[in-house]
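Engineer: Please see the structure below; I have some questions.
Nothing in this text is a laboratory measurement; each read-out follows from the coordinates by a stated rule. The structure presented is a predicted model; accordingly, all values stated were derived computationally and were not measured. Cβ coordinates were reconstructed from backbone atoms using ideal geometry, including for glycine residues, and neighbour counts include every protein chain displayed.
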Amino acid sequence: MHKIAKFTYRAALVFLVIFILGSLVTIAGLFIFDIPAASYRLGTPDSGLNPVERVLLSTYLALNEKQLQMPGDVPEVPVQLEVLEGQSAIDVVDSLNSAGVLSNPFLFRMYLRYTGFDRGIEAGSYRLEGGLSLLELALALQDAAPGEIVFSVIPGWRIEEIAQAISSSYSSMQVVDILAAFSMRAIGTSFEDEIPIDATLEGYLLPDTYTFQPDDLPADITFMLLDNFDSQVTPEVRQAIFEQGLSLHEGIILASIIEREAILPEEMPLIASVYLNRLNAGMRLEADPTVQYPLGIEGRWWKTPLTNADLTFDSPYNTYLYTGLPPGPIANPSLAAIEAVGRPEVSPYFFFRATCDGSGRHLFAVTYEEHLQNACP
């Protein structure tokens with residue numbers, strides 16, 4: 001990391017000269033006894049100091065040694081300090097003083113200059129607890145923590161894709177450990193009892209943008225995702241799903257299929273109506289993503305195109321073979337897909353297929369014959 005430039009201290013030294021001239025007797029004793037002691041207890045003086053600076057700063061710090069070691073002020077919350085590249089040390093001191101963690105800003109500035117720590121403040125992010133002594137604070141500023149990690153869960157990702165992306169952001173976090181956290185119970189959430197006991201959290205890791213801390217663990221990240229689901233999927237959204245004759249878990253399963261089928265969010269309520277119509281009529285859903293899910297392997301989680309042989313792959317998730325919903329979600333749906341399940345459009349449609357113009361839109365049909373007519377030439 002780049003180091004911060006030292007601050008201007010000339011005016012402070014003038015003050016020190018006046019102070020010391022008024023305390024000649026005391027200073028004479030300190031020259032003999034306290035300066036060597038200060039060098040030992042307060043750290044080695046910066047080699048860049050000239051002899052006058054070294055005497056003046058050593059004397060001042062020796063006189064105030066106890067205050068350097070005393071716990072500092074304690075703000076109401078820990079201070080999150082961001083030091084920008086090229087920012088001066090005096091600006092950093094001013095920020096700390098404004099945040100309420102410095103008991104004596106001037107003394108702190110003089111100690112930074114004495115030790116050379118003013119040149120060692122690193123650009124980066126610092127989380128500073130209240131109560132640090134000036135000595136401890138100066139040392140803390142020499143080692144910036146990695147910044148916060150901003151991470152996005154993409155709609156339609158399965159848990160393996162989320163785990164791989166998080167692992168790439170956290171070099172010390174392994175995919176296997178993240179997946180283990182994604183298999184835990186949603187303890188403490190309002191939907192804990194909605195998820196089957198043997199199920200993973202597939203479907204409940206709500207797509208969104210999250211801010212993680214560098215020292216977060218897989219469990220911390222998991223519960224952050226679950227908490228967001230708990231707050232975003234409101235009681236009103238859940239009630240709307242129940243009114244469609246579905247449990248919350250069934251609604252999330254259907255939403256995950258809609259998420260993988262829809263390209264345009266505005267089509268989600270209409271696609272939801274097609275699947276609900278098929279479920280109510282006892283028809284198979286025949287959704288390609290439910291075949292892609294069990295066929296997924298690392299590096300190719302969503303096989304496309306599917307072959308006729310793929311459509312006969314025997315899996316309880318294959319809705320070409322089995323009637324009803326698959327046993328669990330096949331991906332993590334967006335809030336828009338979840339809301340589409342609870343508020344579908346009312347339509348007579350039982351079929352849909354992609355248009356041939358590459359727009360991502362779909363053509364909808366009531367009968368199979370009409371569906372065939374919508375095929376690309």
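Engineer: Taking R0 as 35 Å, what's the FRET efficiency between Ser152 and Asp193 from their Cβ-Cβ distance, rounded to 0.05?
Structural biologist: Once the sixth-power term is evaluated, E becomes 0.75.
Engineer: While we're here: Amide H neighbours of His362 under 5 Å, counting only residues 5+ apart in sequence or on other chains, H built in-plane at 1.01 Å?
Structural biologist: Thr355
Engineer: Also: Give the span of segment 149-232's Cα atoms along each principal axis, as three whole-Å numbers ordered largest to smallest.
Structural biologist: Each principal axis gives a Cα extent; for segment 149-232 these are 34, 24, 24 Å.
Engineer: So what is the relative contact order of segment 245-373, in percent, for Cα pairs below 8 Å that sit 6 or more residues apart? Before the final figure, lay out each step's value.
Structural biologist: Details: 204 pairs, mean separation 42.4, N = 129.
Here the relative contact order equals 33 percent.
Engineer: Counting only residues 5 or more places away or on other chains, whose amide H sits under 5 Å from the amide H of Phe212 once H atoms are built in the peptide plane?
Structural biologist: Ile149, Val150, Phe151
Engineer: Then there's this: At what distance in angstrom do the alpha carbon centres of segment 273-352 and segment 156-226 lie from each other?
Structural biologist: 23 Å
Engineer: Would you mind computing, in nm to one decimal, how far apart the modelled labels at Ser315 and Arg300 are, each placed 7 Å from Cα along Cα→Cβ?
Structural biologist: Result: 1.3 nm between the two label points.
Engineer: In whole Hz, what ³J(HN,Hα) sequence does segment 354-361 give by Karplus (6.51, -1.76, 1.60; θ = phi - 60°), x for Gly and Pro?
Structural biologist: 5, 5, 9, 9, x, 7, x, 7
Engineer: Go ahead and run the numbers for FRET between Asn280 and Ala180, Cβ-Cβ distance against an R0 of 35 Å, rounding to 0.05.
Structural biologist: The calculated FRET efficiency here is 0.35.
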